[in-house]
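The values are calculated or read from the model by the stated rules, or taken from the named source; none is laboratory data. Nothing here was measured: the structure is a model prediction, and the numbers come from that model. Cβ placement follows ideal geometry from the backbone for every residue including glycine, while neighbour counts extend to all protein chains displayed.
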Amino acid sequence: MDKKDYESSIDNGVGQFAAEASTEVTDEIPLFEPSAYPEEQRELILECNRRIEEANSKYRIAMFREDMFAKGLKAGMYFCTFDRDEKLLSFEFNDETRQMLGYEGLEDLPNEFDSWVKTLVPEEKEGIVKLFWDSVRMHRELPDITHATYRMQKKDGSIIWVTGAGRFIRRPDDGSLEIYMGCYRDITAQMEREEYLKIIEAVGRVFNFTLFIDVKDMSYRMISTNEYVEQIPKDPDALEFLKRNVDASVAENFRKSLYDWLNKDLILAALEEHGSTSMEFYSASANRWFNGMFMIGDRNEDGSIAHIVYGCQDNTDVKLQNLAQQKIISEFETEIYVDSLSQIRNRRFLDEKLIYEPCHAVVMADIDLFKIVNDTLGHKSGDEAIRKVALLLEQSVRKEDVVLRYGGDEFMMVFFDISREDLGHKLSAIKSRLETIRIENSPEARITMSFGGAYGTGLVRNLIETADQALYESKKIRNTYTIFDA
(Lines give C-alpha, C1' and ligand atoms only; values in the text may rest on other atoms or scores of the structure.)
Protein backbone atom coordinates (compact mmCIF):
# COMPACT_ATOMS: atom_id res chain seq x y z
CA MET A 1 0.00 0.00 0.00
CA ASP A 2 1.46 3.39 -0.99
CA LYS A 3 0.65 6.69 0.65
CA LYS A 4 -2.17 7.43 -1.77
CA ASP A 5 -3.80 4.04 -1.09
CA TYR A 6 -3.38 4.52 2.64
CA GLU A 7 -5.05 7.93 2.54
CA SER A 8 -7.87 6.42 0.48
CA SER A 9 -8.34 3.64 3.04
CA ILE A 10 -8.57 6.28 5.76
CA ASP A 11 -11.14 8.31 3.82
CA ASN A 12 -13.27 5.23 3.18
CA GLY A 13 -12.68 3.54 6.51
CA VAL A 14 -14.70 3.10 9.63
CA GLY A 15 -13.34 6.15 11.47
CA GLN A 16 -12.59 9.79 10.71
CA PHE A 17 -8.91 10.65 10.36
CA ALA A 18 -6.73 13.73 9.91
CA ALA A 19 -3.05 14.60 10.35
CA GLU A 20 -0.78 17.45 11.31
CA ALA A 21 2.95 18.09 11.77
CA SER A 22 4.37 18.08 15.30
CA THR A 23 7.01 20.19 17.00
CA GLU A 24 10.44 18.60 17.29
CA VAL A 25 12.19 17.78 20.55
CA THR A 26 15.76 18.92 19.90
CA ASP A 27 17.38 19.57 23.30
CA GLU A 28 18.70 16.05 23.78
CA ILE A 29 22.16 14.90 24.83
CA PRO A 30 24.10 14.14 21.63
CA LEU A 31 25.66 10.72 21.13
CA PHE A 32 29.43 10.16 20.93
CA GLU A 33 30.98 9.36 17.58
CA PRO A 34 32.80 6.00 18.18
CA SER A 35 35.23 6.49 15.29
CA ALA A 36 36.71 9.56 17.04
CA TYR A 37 38.04 7.37 19.87
CA PRO A 38 40.77 4.74 20.02
CA GLU A 39 39.61 1.25 19.17
CA GLU A 40 40.16 -0.06 22.69
CA GLN A 41 37.70 2.58 24.01
CA ARG A 42 34.96 2.05 21.47
CA GLU A 43 33.12 -0.66 23.43
CA LEU A 44 32.87 1.73 26.35
CA ILE A 45 31.75 4.54 24.01
CA LEU A 46 28.99 2.30 22.54
CA GLU A 47 27.76 1.47 26.05
CA CYS A 48 27.72 5.19 26.87
CA ASN A 49 25.71 5.85 23.71
CA ARG A 50 23.25 3.11 24.68
CA ARG A 51 22.67 4.74 28.06
CA ILE A 52 22.44 8.21 26.54
CA GLU A 53 19.92 6.92 23.97
CA GLU A 54 17.88 5.36 26.77
CA ALA A 55 17.93 8.63 28.70
CA ASN A 56 17.00 10.60 25.59
CA SER A 57 14.13 8.18 24.92
CA LYS A 58 12.75 8.68 28.43
CA TYR A 59 13.15 12.41 28.03
CA ARG A 60 11.30 12.43 24.71
CA ILE A 61 8.50 10.32 26.15
CA ALA A 62 8.10 12.72 29.05
CA MET A 63 8.14 15.74 26.74
CA PHE A 64 5.63 14.28 24.33
CA ARG A 65 3.32 13.19 27.15
CA GLU A 66 3.45 16.70 28.54
CA ASP A 67 2.83 18.22 25.12
CA MET A 68 -0.18 16.02 24.42
CA PHE A 69 -1.71 16.69 27.82
CA ALA A 70 -1.12 20.38 27.25
CA LYS A 71 -3.34 20.10 24.18
CA GLY A 72 -6.20 19.14 26.48
CA LEU A 73 -6.41 15.47 25.53
CA LYS A 74 -6.41 14.26 29.12
CA ALA A 75 -9.07 11.58 29.25
CA GLY A 76 -6.93 8.60 28.37
CA MET A 77 -3.65 7.52 26.78
CA TYR A 78 -2.09 4.55 25.02
CA PHE A 79 1.63 3.99 24.60
CA CYS A 80 3.48 1.56 22.27
CA THR A 81 7.21 0.92 21.95
CA PHE A 82 9.01 -0.70 19.01
CA ASP A 83 12.45 -2.21 18.42
CA ARG A 84 14.70 -1.05 15.58
CA ASP A 85 12.99 -3.53 13.25
CA GLU A 86 9.74 -1.77 14.13
CA LYS A 87 8.24 -4.78 15.85
CA LEU A 88 5.93 -4.06 18.78
CA LEU A 89 7.70 -4.43 22.13
CA SER A 90 5.03 -3.19 24.55
CA PHE A 91 1.57 -1.67 24.75
CA GLU A 92 0.28 0.32 27.69
CA PHE A 93 -2.96 2.01 28.77
CA ASN A 94 -3.08 4.66 31.47
CA ASP A 95 -5.66 4.52 34.27
CA GLU A 96 -7.79 7.25 32.67
CA THR A 97 -8.34 5.04 29.62
CA ARG A 98 -9.43 2.11 31.78
CA GLN A 99 -11.85 4.32 33.69
CA MET A 100 -13.25 5.74 30.45
CA LEU A 101 -13.94 2.20 29.21
CA GLY A 102 -15.30 0.93 32.53
CA TYR A 103 -12.38 -1.34 33.49
CA GLU A 104 -10.67 -1.54 36.88
CA GLY A 105 -6.90 -1.95 37.00
CA LEU A 106 -4.34 -3.99 35.09
CA GLU A 107 -5.96 -7.34 35.80
CA ASP A 108 -9.22 -6.18 34.26
CA LEU A 109 -7.58 -4.67 31.15
CA PRO A 110 -3.92 -5.76 30.85
CA ASN A 111 -1.26 -3.74 29.07
CA GLU A 112 -1.42 -5.78 25.87
CA PHE A 113 -2.15 -4.93 22.25
CA ASP A 114 -4.99 -7.46 22.29
CA SER A 115 -6.59 -5.45 25.08
CA TRP A 116 -6.91 -2.49 22.73
CA VAL A 117 -8.29 -4.75 19.99
CA LYS A 118 -10.88 -6.06 22.47
CA THR A 119 -12.20 -2.53 23.03
CA LEU A 120 -13.03 -1.98 19.35
CA VAL A 121 -16.56 -2.42 18.03
CA PRO A 122 -16.63 -5.97 16.55
CA GLU A 123 -17.87 -5.08 13.08
CA GLU A 124 -15.28 -2.27 12.79
CA LYS A 125 -12.38 -4.07 14.47
CA GLU A 126 -10.69 -5.49 11.38
CA GLY A 127 -10.64 -2.16 9.53
CA ILE A 128 -9.23 -0.14 12.44
CA VAL A 129 -6.55 -2.71 13.32
CA LYS A 130 -5.49 -2.78 9.65
CA LEU A 131 -5.20 1.02 9.62
CA PHE A 132 -3.04 0.87 12.74
CA TRP A 133 -0.55 -1.58 11.21
CA ASP A 134 -0.60 0.18 7.83
CA SER A 135 0.25 3.47 9.53
CA VAL A 136 3.08 1.82 11.49
CA ARG A 137 4.48 0.23 8.34
CA MET A 138 4.59 3.49 6.40
CA HIS A 139 4.97 5.95 9.27
CA ARG A 140 7.98 7.64 7.58
CA GLU A 141 5.68 8.93 4.85
CA LEU A 142 3.13 10.31 7.30
CA PRO A 143 3.13 13.45 9.48
CA ASP A 144 4.18 13.05 13.09
CA ILE A 145 0.65 13.52 14.45
CA THR A 146 -2.53 11.85 13.22
CA HIS A 147 -6.02 12.45 14.55
CA ALA A 148 -8.64 9.72 14.73
CA THR A 149 -12.33 9.57 15.62
CA TYR A 150 -13.94 6.15 15.93
CA ARG A 151 -16.03 3.97 18.22
CA MET A 152 -14.96 1.83 21.17
CA GLN A 153 -16.85 -0.73 23.24
CA LYS A 154 -16.91 -0.42 27.01
CA LYS A 155 -16.74 -3.38 29.38
CA ASP A 156 -20.53 -3.35 29.81
CA GLY A 157 -21.03 -3.58 26.03
CA SER A 158 -22.13 0.01 25.49
CA ILE A 159 -20.55 1.97 22.63
CA ILE A 160 -18.78 5.33 22.91
CA TRP A 161 -17.22 7.66 20.35
CA VAL A 162 -13.62 8.67 21.02
CA THR A 163 -11.34 11.18 19.37
CA GLY A 164 -7.66 11.60 19.90
CA ALA A 165 -4.21 12.29 18.55
CA GLY A 166 -1.60 9.67 17.86
CA ARG A 167 2.07 10.66 17.61
CA PHE A 168 4.91 8.85 15.88
CA ILE A 169 8.19 9.27 17.77
CA ARG A 170 11.08 8.28 15.54
CA ARG A 171 14.68 7.57 16.48
CA PRO A 172 16.89 10.57 15.61
CA ASP A 173 19.67 8.53 14.01
CA ASP A 174 17.84 6.26 11.53
CA GLY A 175 14.23 7.50 11.63
CA SER A 176 12.87 4.12 12.76
CA LEU A 177 9.70 4.11 14.84
CA GLU A 178 10.57 4.10 18.51
CA ILE A 179 7.30 5.07 20.16
CA TYR A 180 3.69 5.44 19.06
CA MET A 181 1.55 7.15 21.66
CA GLY A 182 -1.76 8.91 21.76
CA CYS A 183 -4.62 10.36 23.79
CA TYR A 184 -8.33 9.54 23.87
CA ARG A 185 -11.28 11.74 24.70
CA ASP A 186 -14.89 10.52 25.00
CA ILE A 187 -16.99 12.62 22.60
CA THR A 188 -20.10 10.41 22.57
CA ALA A 189 -22.42 13.19 23.74
CA GLN A 190 -21.03 15.57 21.14
CA MET A 191 -21.38 13.02 18.31
CA GLU A 192 -24.90 12.07 19.34
CA ARG A 193 -25.89 15.72 19.54
CA GLU A 194 -24.44 16.43 16.10
CA GLU A 195 -26.15 13.39 14.59
CA TYR A 196 -29.39 14.27 16.33
CA LEU A 197 -29.30 17.83 14.97
CA LYS A 198 -28.64 16.45 11.50
CA ILE A 199 -31.67 14.19 11.83
CA ILE A 200 -33.88 17.04 13.03
CA GLU A 201 -32.68 19.27 10.18
CA ALA A 202 -33.26 16.48 7.68
CA VAL A 203 -36.75 15.88 9.05
CA GLY A 204 -37.50 19.57 8.61
CA ARG A 205 -36.46 19.35 4.96
CA VAL A 206 -38.44 16.19 4.22
CA PHE A 207 -41.67 17.31 5.87
CA ASN A 208 -43.35 20.62 5.08
CA PHE A 209 -44.79 20.79 8.60
CA THR A 210 -42.82 19.43 11.56
CA LEU A 211 -43.16 19.55 15.34
CA PHE A 212 -40.59 18.53 17.95
CA ILE A 213 -42.73 17.47 20.91
CA ASP A 214 -41.81 17.05 24.59
CA VAL A 215 -43.65 13.93 25.77
CA LYS A 216 -43.73 15.12 29.39
CA ASP A 217 -46.14 18.03 28.82
CA MET A 218 -46.76 17.82 25.03
CA SER A 219 -45.22 21.24 24.51
CA TYR A 220 -43.52 21.61 21.15
CA ARG A 221 -41.13 23.51 18.95
CA MET A 222 -42.05 24.06 15.30
CA ILE A 223 -39.22 22.96 13.00
CA SER A 224 -40.96 23.69 9.70
CA THR A 225 -44.35 25.05 8.73
CA ASN A 226 -46.54 25.97 5.77
CA GLU A 227 -49.14 28.58 4.85
CA TYR A 228 -52.11 26.45 5.95
CA VAL A 229 -50.64 25.71 9.38
CA GLU A 230 -49.83 29.39 9.92
CA GLN A 231 -53.53 30.24 9.64
CA ILE A 232 -54.46 27.93 12.54
CA PRO A 233 -54.65 29.38 16.10
CA LYS A 234 -51.84 27.90 18.19
CA ASP A 235 -52.43 25.67 21.22
CA PRO A 236 -49.75 24.86 23.84
CA ASP A 237 -50.58 21.14 23.57
CA ALA A 238 -49.19 19.59 20.38
CA LEU A 239 -52.05 17.11 19.88
CA GLU A 240 -54.71 19.78 20.41
CA PHE A 241 -52.90 21.98 17.90
CA LEU A 242 -52.89 19.10 15.39
CA LYS A 243 -56.61 18.54 15.97
CA ARG A 244 -57.23 22.20 15.17
CA ASN A 245 -55.39 21.62 11.90
CA VAL A 246 -57.65 18.66 11.22
CA ASP A 247 -60.77 20.78 11.86
CA ALA A 248 -59.57 23.58 9.62
CA SER A 249 -58.19 21.79 6.59
CA VAL A 250 -58.80 18.02 6.47
CA ALA A 251 -61.65 16.56 4.41
CA GLU A 252 -64.56 15.58 6.68
CA ASN A 253 -64.53 11.84 5.97
CA PHE A 254 -60.93 11.61 7.29
CA ARG A 255 -61.47 13.52 10.53
CA LYS A 256 -62.74 10.79 12.85
CA SER A 257 -59.87 8.43 12.06
CA LEU A 258 -57.38 11.26 12.60
CA TYR A 259 -58.98 12.23 15.94
CA ASP A 260 -58.72 8.60 17.06
CA TRP A 261 -55.09 8.46 15.90
CA LEU A 262 -54.09 11.65 17.76
CA ASN A 263 -54.04 9.92 21.13
CA LYS A 264 -50.89 10.22 23.23
CA ASP A 265 -51.02 6.75 24.80
CA LEU A 266 -51.74 5.04 21.47
CA ILE A 267 -48.97 6.98 19.73
CA LEU A 268 -46.37 6.08 22.38
CA ALA A 269 -47.42 2.41 22.32
CA ALA A 270 -47.09 2.33 18.53
CA LEU A 271 -43.68 4.00 18.66
CA GLU A 272 -42.39 1.50 21.21
CA GLU A 273 -43.57 -1.41 19.06
CA HIS A 274 -42.87 -0.17 15.54
CA GLY A 275 -40.66 2.95 15.81
CA SER A 276 -43.18 5.09 13.91
CA THR A 277 -46.89 5.45 13.20
CA SER A 278 -48.48 7.21 10.22
CA MET A 279 -51.82 8.05 8.65
CA GLU A 280 -52.77 9.31 5.21
CA PHE A 281 -55.41 12.02 4.72
CA TYR A 282 -56.73 14.51 2.17
CA SER A 283 -56.57 18.25 2.79
CA ALA A 284 -59.63 19.98 1.37
CA SER A 285 -58.12 23.44 1.70
CA ALA A 286 -54.87 22.51 -0.05
CA ASN A 287 -56.52 20.06 -2.45
CA ARG A 288 -53.58 17.71 -1.79
CA TRP A 289 -52.89 14.32 -0.20
CA PHE A 290 -50.69 14.24 2.92
CA ASN A 291 -49.10 11.63 5.14
CA GLY A 292 -48.79 12.45 8.84
CA MET A 293 -46.16 10.54 10.80
CA PHE A 294 -44.94 10.31 14.40
CA MET A 295 -41.34 9.18 15.06
CA ILE A 296 -39.15 8.80 18.14
CA GLY A 297 -37.06 11.91 18.76
CA ASP A 298 -34.88 10.76 21.65
CA ARG A 299 -35.08 8.85 24.92
CA ASN A 300 -34.45 9.53 28.60
CA GLU A 301 -31.66 7.76 30.46
CA ASP A 302 -34.14 5.14 31.69
CA GLY A 303 -35.07 4.29 28.10
CA SER A 304 -38.48 5.99 28.07
CA ILE A 305 -39.31 8.26 25.13
CA ALA A 306 -38.41 11.88 25.90
CA HIS A 307 -39.38 13.59 22.63
CA ILE A 308 -41.35 12.63 19.56
CA VAL A 309 -41.30 14.22 16.12
CA TYR A 310 -44.42 14.82 14.04
CA GLY A 311 -43.98 15.35 10.32
CA CYS A 312 -46.55 16.01 7.63
CA GLN A 313 -45.44 15.19 4.09
CA ASP A 314 -47.16 16.09 0.81
CA ASN A 315 -47.44 12.78 -1.04
CA THR A 316 -49.92 13.82 -3.73
CA ASP A 317 -47.57 12.99 -6.60
CA VAL A 318 -46.76 9.59 -5.12
CA LYS A 319 -50.46 8.98 -4.46
CA LEU A 320 -51.43 9.79 -8.05
CA GLN A 321 -48.58 7.66 -9.34
CA ASN A 322 -49.70 4.75 -7.15
CA LEU A 323 -53.30 5.16 -8.30
CA ALA A 324 -52.12 5.06 -11.91
CA GLN A 325 -50.04 1.95 -11.19
CA GLN A 326 -52.97 0.32 -9.40
CA LYS A 327 -55.16 1.01 -12.44
CA ILE A 328 -52.58 -0.66 -14.67
CA ILE A 329 -52.30 -3.61 -12.28
CA SER A 330 -56.09 -3.84 -12.03
CA GLU A 331 -56.42 -3.89 -15.83
CA PHE A 332 -53.68 -6.53 -16.03
CA GLU A 333 -55.28 -8.69 -13.35
CA THR A 334 -58.68 -8.36 -15.03
CA GLU A 335 -57.12 -9.77 -18.15
CA ILE A 336 -55.37 -12.77 -16.60
CA TYR A 337 -57.15 -13.48 -13.30
CA VAL A 338 -60.83 -13.03 -14.21
CA ASP A 339 -62.86 -15.83 -15.78
CA SER A 340 -64.25 -14.63 -19.12
CA LEU A 341 -67.62 -16.41 -18.72
CA SER A 342 -68.51 -15.87 -15.07
CA GLN A 343 -66.58 -12.55 -14.61
CA ILE A 344 -65.27 -13.69 -11.22
CA ARG A 345 -61.75 -14.83 -10.26
CA ASN A 346 -60.38 -17.88 -12.03
CA ARG A 347 -58.26 -20.91 -11.14
CA ARG A 348 -55.07 -19.06 -12.10
CA PHE A 349 -55.78 -16.47 -9.40
CA LEU A 350 -56.03 -19.31 -6.87
CA ASP A 351 -52.77 -20.88 -8.00
CA GLU A 352 -50.73 -17.65 -8.21
CA LYS A 353 -52.24 -15.33 -5.60
CA LEU A 354 -54.41 -17.17 -3.10
CA ILE A 355 -53.05 -20.65 -2.48
CA TYR A 356 -50.63 -19.72 0.35
CA GLU A 357 -52.86 -17.15 2.09
CA PRO A 358 -54.09 -17.92 5.64
CA CYS A 359 -57.89 -18.04 6.02
CA HIS A 360 -60.68 -19.28 8.29
CA ALA A 361 -62.68 -21.37 5.83
CA VAL A 362 -62.67 -22.80 2.30
CA VAL A 363 -65.91 -23.89 0.61
CA MET A 364 -66.09 -25.98 -2.56
CA ALA A 365 -69.44 -25.98 -4.42
CA ASP A 366 -70.88 -27.20 -7.70
CA ILE A 367 -74.21 -27.03 -9.50
CA ASP A 368 -76.32 -30.17 -9.02
CA LEU A 369 -76.88 -32.26 -12.14
CA PHE A 370 -75.31 -29.59 -14.35
CA LYS A 371 -74.82 -32.06 -17.24
CA ILE A 372 -78.58 -32.51 -17.43
CA VAL A 373 -79.02 -28.71 -17.53
CA ASN A 374 -76.64 -28.55 -20.49
CA ASP A 375 -78.14 -31.55 -22.26
CA THR A 376 -81.80 -30.56 -21.87
CA LEU A 377 -81.64 -26.77 -22.01
CA GLY A 378 -78.53 -26.34 -24.15
CA HIS A 379 -75.06 -24.92 -23.55
CA LYS A 380 -76.31 -21.33 -23.84
CA SER A 381 -78.59 -21.89 -20.85
CA GLY A 382 -75.75 -23.69 -19.05
CA ASP A 383 -73.52 -20.63 -19.52
CA GLU A 384 -76.34 -18.41 -18.24
CA ALA A 385 -76.65 -20.60 -15.12
CA ILE A 386 -72.92 -20.31 -14.43
CA ARG A 387 -73.02 -16.51 -14.81
CA LYS A 388 -76.02 -16.10 -12.51
CA VAL A 389 -74.63 -18.48 -9.88
CA ALA A 390 -71.29 -16.65 -9.92
CA LEU A 391 -73.04 -13.28 -9.43
CA LEU A 392 -75.17 -14.63 -6.56
CA LEU A 393 -72.15 -16.14 -4.79
CA GLU A 394 -70.07 -12.98 -5.13
CA GLN A 395 -72.91 -10.82 -3.81
CA SER A 396 -73.28 -13.17 -0.82
CA VAL A 397 -69.76 -12.66 0.64
CA ARG A 398 -67.85 -9.70 2.02
CA LYS A 399 -65.60 -7.61 -0.21
CA GLU A 400 -62.57 -9.06 1.60
CA ASP A 401 -63.55 -12.66 0.83
CA VAL A 402 -62.98 -14.39 -2.51
CA VAL A 403 -65.26 -16.27 -4.89
CA LEU A 404 -63.72 -17.97 -7.92
CA ARG A 405 -64.66 -20.39 -10.65
CA TYR A 406 -62.66 -23.50 -9.93
CA GLY A 407 -63.52 -25.14 -13.24
CA GLY A 408 -66.62 -26.16 -15.20
CA ASP A 409 -69.62 -25.79 -12.87
CA GLU A 410 -67.46 -25.92 -9.70
CA PHE A 411 -66.84 -22.85 -7.55
CA MET A 412 -64.70 -22.00 -4.52
CA MET A 413 -65.29 -19.51 -1.72
CA VAL A 414 -62.54 -18.40 0.69
CA PHE A 415 -63.49 -16.68 3.95
CA PHE A 416 -60.82 -14.77 5.84
CA ASP A 417 -62.74 -13.90 9.01
CA ILE A 418 -65.82 -15.97 9.87
CA SER A 419 -67.02 -18.17 12.72
CA ARG A 420 -68.15 -21.77 12.19
CA GLU A 421 -71.73 -20.85 13.11
CA ASP A 422 -71.78 -17.90 10.70
CA LEU A 423 -70.37 -20.11 7.95
CA GLY A 424 -73.33 -22.47 8.35
CA HIS A 425 -75.79 -19.55 8.26
CA LYS A 426 -74.05 -18.17 5.18
CA LEU A 427 -74.28 -21.44 3.21
CA SER A 428 -77.89 -21.94 4.27
CA ALA A 429 -78.80 -18.45 3.06
CA ILE A 430 -77.03 -18.98 -0.29
CA LYS A 431 -78.86 -22.30 -0.76
CA SER A 432 -82.18 -20.49 -0.23
CA ARG A 433 -81.30 -17.62 -2.59
CA LEU A 434 -80.47 -20.07 -5.37
CA GLU A 435 -84.21 -20.74 -5.64
CA THR A 436 -84.66 -17.24 -7.07
CA ILE A 437 -82.49 -17.92 -10.14
CA ARG A 438 -84.44 -18.24 -13.37
CA ILE A 439 -83.07 -19.32 -16.74
CA GLU A 440 -84.27 -17.32 -19.76
CA ASN A 441 -86.62 -19.28 -21.99
CA SER A 442 -86.74 -22.05 -19.34
CA PRO A 443 -88.65 -20.57 -16.36
CA GLU A 444 -89.46 -24.03 -15.04
CA ALA A 445 -85.75 -24.89 -14.55
CA ARG A 446 -84.45 -24.80 -10.98
CA ILE A 447 -80.83 -24.43 -9.90
CA THR A 448 -79.55 -26.12 -6.74
CA MET A 449 -76.02 -26.57 -5.46
CA SER A 450 -74.03 -28.79 -3.10
CA PHE A 451 -71.51 -27.20 -0.73
CA GLY A 452 -68.56 -28.62 1.20
CA GLY A 453 -66.84 -26.47 3.77
CA ALA A 454 -63.52 -26.84 5.59
CA TYR A 455 -63.44 -24.72 8.74
CA GLY A 456 -60.25 -23.91 10.65
CA THR A 457 -57.41 -21.41 10.52
CA GLY A 458 -54.84 -22.48 7.94
CA LEU A 459 -53.45 -21.91 4.48
CA VAL A 460 -55.95 -22.10 1.62
CA ARG A 461 -54.02 -24.99 0.05
CA ASN A 462 -54.28 -27.03 3.26
CA LEU A 463 -58.06 -26.66 3.51
CA ILE A 464 -58.98 -27.58 -0.07
CA GLU A 465 -58.79 -31.35 0.40
CA THR A 466 -61.04 -31.24 3.48
CA ALA A 467 -63.52 -29.03 1.60
CA ASP A 468 -63.54 -31.56 -1.28
CA GLN A 469 -64.33 -34.37 1.15
CA ALA A 470 -67.21 -32.35 2.63
CA LEU A 471 -68.52 -31.64 -0.88
CA TYR A 472 -68.43 -35.35 -1.68
CA GLU A 473 -70.69 -36.00 1.33
CA SER A 474 -73.12 -33.26 0.27
CA LYS A 475 -73.37 -34.60 -3.28
CA LYS A 476 -74.73 -37.87 -1.93
CA ILE A 477 -77.86 -35.92 -1.01
CA ARG A 478 -77.59 -32.75 -3.19
CA ASN A 479 -78.98 -29.28 -2.44
CA THR A 480 -77.30 -29.22 0.96
CA TYR A 481 -74.09 -28.28 2.71
CA THR A 482 -71.59 -30.14 4.88
CA ILE A 483 -68.88 -28.57 7.07
CA PHE A 484 -65.84 -30.48 8.30
CA ASP A 485 -63.35 -29.11 10.83
CA ALA A 486 -59.91 -28.85 9.25
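Please specify each residue of region 233-265 satisfying the condition of being of a type in the set (A, V, I, L, M, F, W, C) and assigned to a helix (DSSP H, G or I).
ALA238, LEU239, PHE241, LEU242, VAL246, ALA248, PHE254, LEU258, TRP261
Checking GLY407 against (1) surrounded by 17 or more Cβ atoms within 10 Å (Cβ to Cβ); (2) within 22 Å of ARG347 (Cβ to Cβ), only one condition comes out false. Which one?
(1)
Residue under question is ILE160, and the condition is that it be in a strand (DSSP E or B), under 23 Å from the mean Cα position of the chain (by Cα), modelled with pLDDT of 80 or more and on the phi < 0 side of the Ramachandran plot; does it hold?
Answer is yes for this residue.
Quick one: what pairs do we get from region 80-102, first residue more than 16 Å from ILE169 (Cα to Cα), second among the charged types (D, E, K, R) and not in a helix (DSSP H, G or I), C-beta under 6 Å, 6+ apart or different chains?
MET100/ASP186; LEU101/LYS154; GLY102/LYS154; GLY102/LYS155; GLY102/ASP156
How do the helices (runs of 4 or more DSSP H) wholly within region 70-149 filter down when requiring 3 or more residues that are touching a Ser or Thr at 6+ places or on another chain (Cβ under 8 Å) and over 21 Å from ILE160 (Cβ atoms): which remain?
Hits in region 70-149: 122-137.
Quick check on my filter: what residues within region 361-384 are in a helix (DSSP H, G or I), of a type outside the set (S, T, N, Q) and either more than 21 Å from PRO443 (Cα to Cα) or in contact with a helix residue (DSSP H, G or I) (Cβ under 6 Å, 6 or more places away or on another chain) (or both)?
Within region 361-384, VAL373, GLY382 meet the criteria.
Here is a yes/no grid of residues against (1) assigned to a helix (DSSP H, G or I); (2) closer than 19 Å to ARG405 by Cβ; (3) in contact with a strand residue (DSSP E or B) (Cβ under 6 Å, 6 or more places away or on another chain):
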{"site": "ALA445", "(1), (2), (3)": "no, no, yes"}
{"site": "PHE451", "(1), (2), (3)": "no, yes, yes"}
{"site": "ALA454", "(1), (2), (3)": "no, yes, yes"}
{"site": "ALA467", "(1), (2), (3)": "yes, yes, yes"}
{"site": "LEU471", "(1), (2), (3)": "yes, yes, yes"}
{"site": "THR482", "(1), (2), (3)": "no, no, yes"}
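Looking at region 163-184, which of its residues are among the basic types (Lys, Arg) and at pLDDT 85 or above?
Selection gives ARG170, ARG171.
For the structure I just gave you, tell me whether MET218 is at pLDDT 90 or above, among the aliphatic types (A, V, I, L, M), surrounded by 14 or more Cβ atoms within 10 Å (Cβ to Cβ) and not in a helix (DSSP H, G or I).
When the stated conditions are applied, MET218 passes them.
Given VAL403, VAL389, which one is assigned to a strand (DSSP E or B) and at pLDDT 95 or above?
Details: VAL389 fails: assigned to a strand (DSSP E or B).
After ruling out the rest, the residue left standing is VAL403.
Quick one: LEU350 ticks every box in (1) surrounded by fewer than 19 Cβ atoms within 10 Å (Cβ to Cβ); (2) under 39 Å from the mean Cα position of the chain (by Cα) except a single one, so which number is it?
(1)
Out of curiosity, is GLY175 more than 28 Å from ILE52 (Cβ to Cβ), without any contact (Cβ under 8 Å) to a residue 40 or more places away in the chain, surrounded by fewer than 16 Cβ atoms within 10 Å (Cβ to Cβ) and assigned by TED's automatic domain parsing to the domain that holds GLU53?
So GLY175 does not fit the description; no.
Out of all the residues in region 418-438, which are touching a Lys or Arg at 6+ places or on another chain (Cβ under 8 Å) and outside any helix (DSSP H, G or I)?
Within region 418-438, ILE418, ILE437 qualify.
Collect the residues in region 128-160 that are farther than 22 Å from PHE82 by Cα and out of contact with any strand residue (DSSP E or B) (no Cβ under 9 Å at 6 or more places or on another chain), keeping them in residue-number order. Walk me through how you get there before you give the answer.
First pass over region 128-160, keeping only residues farther than 22 Å from PHE82 by Cα: 149-160.
Across region 128-160, the qualifying residues are LYS155, ASP156, GLY157, SER158.
Output the number of the condition that PHE349 fails; it satisfies all remaining conditions of (1) closer than 30 Å to ALA251 by Cα; (2) at pLDDT 80 or above; (3) in a helix (DSSP H, G or I).
Among (1) closer than 30 Å to ALA251 by Cα; (2) at pLDDT 80 or above; (3) in a helix (DSSP H, G or I), the lone unmet condition for PHE349 is (1).
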